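Down below is the structure, laid out as structure tokens.
Please treat every number below as a calculation from the coordinates, not as lab data. Values in this document were obtained by computation on a predicted structure and should not be read as measured data. Methodologically, a virtual Cβ is constructed for each residue, glycine included, from the backbone with ideal geometry; neighbour enumeration extends over all protein chains shown.
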Amino acid sequence: MKQSWVDQLNAAGVPKCTEVRKGVACFCLESQNLLDSVRKILELEYYLQDVSASDFQEGYLLTYHFAHFEEPGQAVFRVLISHEHPQVPSISSFYQGAIWHEQECTDFYGIEFTGHPDLKPLLLVPEENLCPLRKDARSKKSFLDIFPDCKLVEAPPPPESEENAGGQESPEEKASKKKGSGKSKVQKEDDETAQDSGQA
Amino acid sequence: MLHYAHEQLQGDYYTRAFQAGAQEDTLIINMGPQHPSTHGVLRIILELHGEYILRAEPVLGYVHRMQEKMGEVKTYPQYLANMGRVDYLHALAWNWAYVRAVEQLLELEVPERAEYVRVITCELNRITSHLLWWGAYLLDLGAFTPIMYGFADRERAMDLLQIITGSRLTYCYYTFGGVTADLTPQFIDGTKDFCKYMRTRLPMYKDLVTDNMILRHRVDDIGIISVDMARRYGVTGPNLRGSGVEHDLRRNTPYSIYDRFDFEIPAYEECDALARYLVRMDEMEQSISIIEQAIQSLPEGPVMPPKMPKVIKPPKGEAYGEVEGARGVIGIHVISDGTATPYRIKLRAPSFSNLSLFAEVSKGILLADAVSILGSLDLVIPEIDR
Amino acid sequence: MTMIKKTPKQSTLQGIKSLFVGLKVTGRNFVMPQITTHYPRKEVSNLATYRGHVDLVPKEDDPMTSKCILCGQCAKACPSNCIELVIRKEEVEPPPDEEAQPDSGSKEEATAKSAPKKKKVKRILDAFMLNYNLCSLCGQCVQTCPVDSLEFSTNSYLAGFTREEFIFDLLERMRNKQKASSSG
Amino acid sequence: MNIPPELIHISIALAAIAAFIGLNGLVLVYLERKVAGFIQRRPGPYEVGPWGLLQPVADAVKLVGKQLVRPKVADPWLYWAAPLLSFTPIFLLFLVIPFGPTLTGMEFNYGLLLILAFTGLNVLALCLAGWSSANKYSLLGAARSVAQSIAYEIPLLLAVLAIAFQFGTLNLTEMVHQQGQWPWQWNIMFQPLAFVIYFLCAIAETNRAPFDLPEAESELTAGFHTEYSGMAFGLFFLAEYAYIIVVSCVAVVLFLGGWQGPGAPGFWWFLLKVYALILVIIWIRWTYPRVRFDQLLNINWKWLLPLALVNLLLTLIFVKI
């Protein structure tokens, strides 16, 4: 029953759900099929809760939260993008509410949203490029470490998209090889512990 | 002497950027950051043709405090105090959302009495928030007296909350696993009286304001937010319910013990400011009913779990604490790396999403309606800027 | 499940009537008693529940010393670092037959005591500094204190001209209070 | 040297009027704040003097004592001329108002006409104030005030015209004489519709809530007087209250029997009625929200104007018969 909405999402063409917690389904996407999935989830009448980013060793993890007005359940899209080329397509053509969220991510992390109508600073001073939420190398943690249920897989190197991949990647992080192709895939399906403490 | 849009105008970054898209012979005007009707330091740049708004652009960030960064440098309990400061009008809902997120991470079981206490106080806080909104909205519309009545009643609720929380506005009352202080008999009696009292006040509000012809004409049919628009912008809370969607986390994904109470989710289908107004007025009534039911069935017991970890160190993972606040869905996304400090905290502020549609909804309306729409969205600026 | 309601519509006649109803409401309030508290002459009644800055709690048997065990948990828990414990270390000669020393009754102490002529270092609280300028009244210090040596004061009448006036030594405050209460 | 007695009379009257305006300003400020306070269940002015009686005096002293500030880009002449222009016509208006049977500054056959003519000057003042401040909010306020005043002048004139036809005179004293002592002899019994129209228009003309759009504070910060401070603002303020008194006086003369009253007719009846009307205006202000600008004009053009025409027509038929 819980599964039904996840199945529905899958059936609509959102790539396979990778992780289900109580009422939450995470979909780890690659940045090029993000727009496709977002279009599908909009067709399923999900609303946008927020867009946020976080800084990991492997790259910036973009998290999109969607929920539905009538049905329970939260859909989470995760997109991992590289530090060197923090680019991701903007979903603001589908969800106009994302305009501000994406501007905020640009403020905090310097991520570039391609196709965004106006990427000017939203919350921070426009004169400086501060990116205050970027973490320094020491305090960065590994994405895998925190989300052990996910595992990064070497994406089959798409032949043309790799202008960013091979060349300049520095060996400093083990992550770079995954993010080299700009994406992580997460495989394992696992029920994390039921976390809703409110569940009576 | 006067600067019109087509002239070269000195201005800050946002004014210049806005001006670049201006048409000929229009008036560019800054509403805010110091403006009586933006309730705080919200700034909206407007392009006016006569009194009609051609274009509007909110400029944020005047009270930006980088709350999310603060979350990354403080320990879990230390960050609690920040939550009351995000949305100072419904501080307990933010408390709750954060506490819920951390409790999910810690897999803490909240004692039953604590849940009841949380429901009672949170609903009481919701009433105070709506009362303040009511007064301030009417102030926007030019009526001075309602805010005084609203404040007088709000004082009573805040006095009650002070009895147990010790503070009046920026509460820091919930804590991981429960609440910091138990209810006192004084509070319980006072709350019962307050509920009775509010039931006599709400009809008075209706007579004075809700039924008033002038108000009706001011709020009827303006600021139409369709369901589709609400979805695209992520509008939640009373604003969404004013668009005819019965979405309320207290009912849709009943957290805590909300499924034990019998209450309605008021929703109106007109999508305009009047619908949003009526939703909030009805919600106060429902909150009173929830409080009465909760007090009636308040169980005995502790308000903190028997054994609490000495140091809050949630395991690795993430959690999303969601709570229905007075303004909409409050979501706190916590990523834990297993240390005593959160790795990343993202605050989803409902006002942020609610305001983001203003540019679209304010096209072609009158300046006076813009004020009315802004008021009907019930914005709290510190929550938007975080 | 509730039905989605329609906003009630109003005819012009009802509208005009509503204007008079509104006047009636304000008119009635005009003659009703005032609800303002004339502050300096009268006081609000709920000051007792106010949670102001923290205060030290004295020991029951010795009102001049606090319950504090100098563990420093409060200082660590404070989000804004406004607590500072000034601790003086003092070497004390162990009295020959100290039995009723409640604060150092651990086993090591007992063994140390039995060792001849071992000097013991005692930590003494010199001052408990609270920088109230920074405090956000979150109550974390009170919650973390393992021996309940901190309590909220109901002191809502705090005013001053300089920031220095809001840096309190809570130990001194406590002692002054105790003195005042014992003498008065 | 032969001074005409008429001149002495007018000079004394003007001095008295100046005192009356000033005093009334103080009284009305106090009254308004007290009434607002009571309606909102708080004491209102309380601390200065007994029952806060000296509060308006303190306010006045503050306003007078303040430095006069002019924005750099404001027009230096028009900016200062506007408050004066708003304030000075008031003396003329009071000159012809019959406070008592013999208590009139100047007996004048066209008294009503004079009042209506000079009330119109206020619009010009507000317009100038808004324009010369070089503030966009002020400009919007000025534009609103012009549109509003011009619109509301028409039904007001029509309503008053009906009364003038009915009495067959423009002399205010004469009008009062034609009404009787008792309330049922007052003109309001014969012309209730005209009274309502006049009253609404009067509120709009004086920019009082709920028609206070030129200074709608939640939309235009303070409208036309956003940039004014000190005594320049004080003059606007005083003028606003003076105009309230003027329109109330005219209403009393036209509809409420002037100084006539049961018992002993005299100026006390006049003042009593004027203050009762002002109280109602204040009461209305603290009860209602503000109307929107287009609604304001709609009320005028779609309701008041046709009603005033109908009223005029009915009156004419009545008079003719």
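Placing dummy labels 7 Å off each Cα toward the beta-carbon, the span from B:Tyr52 to B:Val311 is 6.5 nm.
Oblate is the label for region B:13-59. Its Cα gyration tensor axes, ordered a ≥ b ≥ c, give a/c of at least 1.5 and b/c at or above a/b. Taking B:Val99, B:Val73, B:Val219 in turn, the Gaussian network model of chain B (Cα-Cα springs below 10 Å) assigns the largest fluctuation to B:Val73. Principal-axis analysis of the Cα atoms of chain D puts helix D:136-167 at an angle of about 10° to the longest axis. Ordering D:Trp80, D:Trp131 from the fewest to the most neighbouring beta carbons within 10 Å gives D:Trp80, D:Trp131. Dipole of the protein assembly as shown computed with +1 at Lys/Arg Cβ and -1 at Asp/Glu Cβ about the Cα centre; of A:Tyr95, B:Leu42, C:Leu130, farthest Cα towards the positive end is C:Leu130. Of B:Ser376, C:Ser18, the sequence from fewest to most neighbouring Cβ atoms within 10 angstrom is C:Ser18, B:Ser376.
Quick one: if the Förster radius is 45 Å, what FRET efficiency do B:Lys363 and C:Gln34 give, using the C-beta to C-beta distance and rounding to 0.05? Calculated transfer efficiency: 0.45.
Converting phi to 3J(HN,Hα) with the Karplus coefficients 6.51, -1.76 and 1.60 and the offset θ = phi - 60°, region B:66-76 yields 6, 4, 5, 5, 4, x, 7, 10, 10, 6, 4 Hz in sequence order, with x at every glycine or proline.
Each residue of region C:68-82 was assigned a 3J(HN,Hα) from its phi angle through the Karplus curve 6.51 cos²θ - 1.76 cosθ + 1.60 (θ = phi - 60°); the sequence is 4, 10, 6, 7, x, 4, 5, 4, 6, 6, 5, x, 10, 6, 9 Hz, with glycine and proline shown as x. The mean count of C-beta atoms from other chains within 10 Å of the C-beta of residues in B:161-170, rounded to a whole number, is 4.
The long axis of helix D:5-39 is offset from the longest Cα principal axis of chain D by roughly 70 degrees. When the square roots of the Cα gyration tensor eigenvalues are ordered a ≥ b ≥ c, the ratio a/c for region B:67-385 is 1.5 or more and a/b does not exceed b/c, which makes its shape oblate. Sorting the segments A:118-129, D:57-68, D:154-165, A:63-74 by their mean number of nearby beta carbons within 10 angstrom, highest to lowest, gives D:154-165, A:63-74, A:118-129, D:57-68.
Quick one: of the DSSP bridges fully inside region A:21-91, what percent are antiparallel, nearest 5?
In region A:21-91, DSSP labels about 75 percent of beta bridges as antiparallel.
Residues B:Arg199, C:Arg51, D:Arg70 in ascending order of nearby Cβ atoms (within 10 Å, fewest first): B:Arg199, D:Arg70, C:Arg51.
P(r) tail for region C:1-73: Cα pairs beyond 20 Å make up 72% of the total. Other protein chain C-beta atoms within 10 Å of residue C-beta, averaged over B:342-353: 5. A straight Cα-to-Cα reach below 12 Å connects C:Lys177 with the aspartates and glutamates C:Asp55, residues fewer than 8 places away in its own chain not being considered. Within the listed set B:Tyr137, B:Tyr233, B:Tyr98, the Gaussian network model of chain B (springs between alpha-carbon atoms below 10 Å) gives the highest mean-square fluctuation for B:Tyr233. Seen through its C-alpha gyration tensor, with square-root eigenvalues sorted a ≥ b ≥ c, the protein assembly as shown comes out prolate because a/c lies at 1.5 or above while a/b is bigger than b/c. In this structure the amide hydrogen of A:Ala53, modeled in the peptide plane, comes within under 5 Å of the amide hydrogens of A:Thr63, none closer than 5 places in sequence on its chain. Need one value for C:4-13: mean number of C-beta atoms belonging to other chains within 10 Å of its residues' C-beta atoms. Taking all residues of C:4-13 together, the mean is 6. Put a plus charge on the Cβ of each Lys and Arg, a minus charge on the Cβ of each Asp and Glu, and nothing anywhere else: the dipole of chain B about its Cα centre is then about 1180 debye.
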